[in-house]
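Read the structure below first, then the notes.
The values are calculated or read from the model by the stated rules, or taken from the named source; none is laboratory data. Predicted model, so just to flag it, every value in this text is computed and none were measured. We place every Cβ from the backbone using ideal geometry, glycine too, and count neighbours over all the protein chains shown. Heavy atoms of the whole protein, side chains included, go into the accessibility calculation; ligands, DNA and RNA do not. Shrake-Rupley method; radii C 1.70, N 1.55, O 1.52, S 1.80 Å.
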Amino acid sequence: MTLSELSVEYRAHAGMLNQRIGQLQDELGRAETSRDRVLLDERIRMLSTMLREARELAVLTERYYERGYRRNAKYTL
């Protein structure tokens, strides 16, 4: 698998995460107990972190070999 193929996979994963976050936000609006709201909020926060990282990795793998591209220091050694 090439890096450009991998970037497509990261983008697809980010799309699924984004969709799930939307579903959980809808559930959060309908949550009846504070315990349910806290659990949903925690899950949304975790998935949002995963979404951000999937998007960052998609950009990194898309542009990895571009001359002059400044890589995210978070993903370099």
Report summary line: All-but-one check, Glu66 against (1) over 19 Å from the mean Cα position of the chain (by Cα); (2) of a type in the set (D, E, K, R); (3) open to solvent by 90 Å² or more (accessible area, probe 1.4 Å); (4) modelled with pLDDT under 95, failing number (3)
Report task. For the stretch 18-34, state whether one or more residues are assigned to a helix (DSSP H, G or I), open to solvent by less than 70 Å² (accessible area, probe 1.4 Å), β-branched (Val, Ile, Thr) and out of contact with any His (no Cβ under 9 Å at 6 or more places or on another chain). Result -> yes
Query raised in the report: Being at pLDDT below 95, surrounded by 13 or more Cβ atoms within 10 Å (Cβ to Cβ), in contact with a Leu (Cβ under 9 Å, 6 or more places away or on another chain) and among the acidic types (Asp, Glu), is that true of even one residue in the stretch 53-62?
Result: yes
Query - Candidate set from the stretch 1-17 (those that are open to solvent by 80 Å² or more (accessible area, probe 1.4 Å) and under 11 Å from the mean Cα position of the chain (by Cα)); member that is nearest to Tyr69 (Cα to Cα) - result: Arg11
Query raised in the report: How many of the residues making up the stretch 16-68 are in contact (Cβ under 8 Å) with a residue 12 or more places away in the chain and not hydrophobic (A, V, I, L, M, F, W, C)?
Result: 13
**Report entry** Top-ranked residue of the stretch 38-47 - restricted to ones that are open to solvent by less than 100 Å² (accessible area, probe 1.4 Å) and in contact with a helix residue (DSSP H, G or I) (Cβ under 9 Å, 6 or more places away or on another chain), ranked as nearest to Ala14 (Cα to Cα)
**Finding:** Leu47
